[in-house]
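A short write-up of the structure that comes next.
The values are calculated or read from the model by the stated rules, or taken from the named source; none is laboratory data. Since we're looking at a predicted model, the values are computed, not measured. In this analysis, Cβ positions are derived from the backbone assuming ideal geometry, glycine residues included, and neighbour counts consider all displayed protein chains. All accessible areas refer to the heavy atoms of the entire protein, side chains included, with ligands and DNA or RNA removed. Shrake-Rupley method; radii C 1.70, N 1.55, O 1.52, S 1.80 Å.
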Amino acid sequence: MNIRFINDTHGYPSRDDTPADILSYDTEKEYHNQCYAFFAAVFKVLRTVLEKNQPNWFEDVCKIGSPTRIAFFVDLENEYSNVRDVIRTVYTGSRIMKKYYSEMVSSKSFPRAKDNEPRVVIVLDEAHVLHETYAGLFSQADVLLQTIKEYSEDNDHAVWVVFASTTFKVTHFSSLEALCA
């Protein structure tokens, strides 16, 4: 998923608007909710795809402009809207995200692997955009990493999130306090 800045029109591959828009700036509280809803939607859509047992889906979704990729982002956007509305009304973002994560990994169709081999890899390309801070208020990267930690705690499922970028800023994925120490 390419989350480059909206004004970066020359980069390749092009920006994937759905995840890039979801993971863009808002207030800190809203950004937490956006991250919870984003991952909950990813987990729910992936579980649905896995249960359909579509051959070559993972290969096809990685092809820029493929019908499979377009359908994935449409499904992700729809599910994100549904989950975010629920989170806004009941304020249980972490619990909802963990519920969808648990449902995905407990699905009979969830890939099985040895030890810590990755079973699902979520890639955020041009992730350096998450290091933007707004008026010194909060770091999107810190909130996103905290969200990943929440669903990763207390389980041994190998769902990896890979941060990639064409800039060196991608290496800065640690808390602002750690960077400034």
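Express the carbon and sulfur contribution to the solvent-accessible surface of the range 1-115 as a percent, rounded to the nearest whole number, probe 1.4 angstrom. Don't skip to the end; give the middle numbers.
Working: 3310 of 6400 Å².
Result for the range 1-115: 52 percent of the exposed heavy-atom area is carbon or sulfur.
Straight-line reach from K52: which lysines fall under 16 Å, measuring Cα to Cα and dropping same-chain residues less than 8 apart?
The qualifying lysines are K44, K108.
Return one whole number: the accessible area per residue of the range 14-158 in Å², for a 1.4 Å probe.
That works out to 51 Å² per residue.
Starting at the first residue of the range 66-72, write each ³J(HN,Hα) from the Karplus equation 6.51 cos²θ - 1.76 cosθ + 1.60 with θ = phi - 60°, in whole Hz, x for Gly and Pro.
Using θ = phi - 60°, the values come out as 5, x, 5, 5, 4, 4, 4 Hz.
In nm, to one decimal, how far is the modelled label at N56 from the one at S24, with both set 7 Å along Cα→Cβ?
Roughly 3.4 nm, to one decimal.
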